[in-house]
1. Compute the helix-to-body angle for 124-144: its Cα long axis versus the longest principal axis of the chain, expressed 0 to 90° and rounded to tens.
2. When the dipole is taken about the Cα centre of the chain, and only Lys, Arg (+1) and Asp, Glu (-1) are charged at their Cβ, what size is it in debye, to the nearest 20?
3. Shape of the range 209-453 from its Cα gyration tensor (a ≥ b ≥ c, root eigenvalues): rounded if a/c is under 1.5, otherwise prolate when a/b > b/c, or oblate?
4. Short version: ³J(HN,Hα) in whole Hz for each residue of the range 321-334, in order, from phi by Karplus 6.51 cos²θ - 1.76 cosθ + 1.60 (θ = phi - 60°), x for Gly and Pro, what are they?
5. Angle between the Cα long axis of helix 265-281 and the longest principal axis of the chain, 0 to 90 degrees, nearest 10?
6. Can you give the extra length, in nm with one decimal, that the chain gains between residue 247 and residue 89 once fully stretched, where that is 0.36 nm per residue apart less the Cα-Cα distance?
7. Arranged from highest to lowest average of other beta-carbon atoms within 10 Å per residue, in what order do the peptides 375-383, 93-101 appear?
8. Could you work out how much longer the chain between residue 230 and residue 308 gets when fully extended? Use 0.36 nm per residue separation minus the Cα distance between them, nm to one decimal.
Amino acid sequence: MQIFEYPYVIITILVMFFIVMGIIGLYFTMKSVKTAKGTAEKSFCGIGKIENDFEKAGALRKNRCVVYISLSLDSMKRLYSESKAVRMYEQIKKILLNHFSINLDGEISLYGKENFVALNNLEPEKAESCIEKCYEEINEALVKQETVNAARMNFGYHCTSSNEVSFKTALGRAKQACSMAEDKDVLFCEWDCSNGKEFERKIKIENNIQSEIDNNRFFLEYQPIVDAATNKILGAEVLSRLNSQTEGILTPRTFLSAVNNVGLNEKFDYYIFEKNCKWISADKEKRVRYLYTINFSRHTLCDEKLAENIIEIVERYGIDYSCIAIEILEDKGLDKNEKATMIKNLSCLKEKGVLFLLDDFGKGYTAFGDLTEFDISIVKIDKSITQNATSKAGFLILKNIIRTAHELGFKTLCEGIETEEHKKAVVDAGCDMLQGYYFYKPMPVTKFETLFEK
C-alpha cells in the first residue's frame, strides 16, 4: 500500500511542515527584535554607566569628550500640540542616538526631562562637526514637519585627556559651555580656560547688576521701525546698554540674563521705562509724534501694581500715552493666576492708549493662543522666522502667521531684516512694519534725533 494513496496523510505532513517552518521563522524574528532592542538599550544608557566609562578611560589617559545637550519643545507644545511635540521628541532622540552613539561607538544618556549627556573620544574639531551635522538633520526634520523655530537646542562640550579631571568636573564644564551658548544665542560652545573665565565674568556681572542700576549706569539706544509700504520711520524700539564700571559697554545679550537670574526684572523694566519717558518729555513736541516700543518681562507684567506704576510715570512726565508701546517678552510661561493679572493690567493700560506688541512671536512661550488672550495691537515676528522666509517652507509659515494676525485685526512687524532678500520675502508675505540692520542699526540718541529732521 502506497502512503500517497491516502490524501489526508499528505495534508497532515504538509501542515506539520508549515507549522515547523513558522516556529523557526518566529524564533529568528524574536531573536532579531531582542538583539535590536538590546543594541538600543546599550546605546541609550544610564548616566552612571557614562560616569564609570569616563573614569576608566581617564585611568588610561584616553581622550574623552563630554557633550551636554539642552532641549526645549515648549514652543512646539504651545504653537502646535502636545502630541506633535512628543513625536518630534522621539525623532530627535533617534537622531541624537545615531550621531553621538551608534555612529561614533560612543554613549548617550537622558539627563533630566529633555536634556542629554553624551560621551565619546572626539577631538574638539570633530566634536563640532558632529554637532553641526546632528543639528542639520534635526532642522531638516523640523522643516518637514513645518515646525521651524519650534525647538530650542544648545550644545556644550568639554574635551580632556587628563586623568585629574573627574566626570563631575567635566560634566559641569560642559553645562557651563551650554549655558554660554544659550546666552550668546549660538548653537554650541566649547569649555576651555578662557570660557571658564567668561563664566566667572558672568557671575561677576550678576553680583554687580543691582548696584549698576542703582548708580544709573545704563543708557538708551534706538533702532528705527519703518513702514513696509513707504520705508518711512514710524518710531523705534528702545534698547538698553550698560556702561559697566568693571566690564565696559555691555549689550542686553550679556546683562539681561543677570537681571533675570538675580530677580530684578521689575526694578529694571520700570527703570528703563522711566528713562525713556524722561527723554521724550525733554522735547515733547518733536518726540511724541513717533511710537516708542519698550521691552517688558512677563515677570513685570504680572505685577499687581503694573498699571498703577506705568500711569504714575507717564503722568509725572506729562507725555502722551499714544507714543508708548510695550513689547511683551517671551521669557516666562504663565500660570492661570499670573495670566489673569497680566490680562487685567494690559486692559487697564490699553484704555489709556498704550499699545502692546507680542514680541518674538513663534519663539519660546509665544503662541497663537496669546493673540486672543492678550489685548495686543501688533504681532512682532521673531527674526529666525523672518530670515527663514527666503525658503519655500519658511515663506509659507511666515505668510500664514501674517494672514492669521491680519484676520484677527492685528498689525504685523518683522524684525531681523538684514538683506534685500529678507525684505522682499516679508513684504511679499504682507507684513506691515519692518525693522533690522538692512534699514538702521541701533543708534545713540543724538544720531536718532537727526532722523527727525529728515
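1. With rounding to tens, the tilt is 90 degrees.
2. Rounded to the nearest 20 debye, it is 580 debye.
3. rounded
4. Running phi through 6.51 cos²θ - 1.76 cosθ + 1.60 with θ = phi - 60° gives 5, 5, 9, 10, 9, 9, 8, 7, 5, 9, 8, 7, x, 10 Hz.
5. So the inclination is approximately 40 degrees.
6. Taking 0.36 nm per residue and subtracting the Cα distance, the gain is 52.9 nm.
7. Highest to lowest by the protection proxy: 375-383, 93-101.
8. Result for the pair: 24.4 nm of gain on full extension.
None of the figures in this text is laboratory data; all of them are computed from the coordinates on show. Owing to the predicted nature of the structure, the values given are computational and were not obtained by experimental measurement. Heads up, the Cβs are rebuilt from the backbone with ideal geometry, glycines too, and the neighbour counts pull from every protein chain shown.
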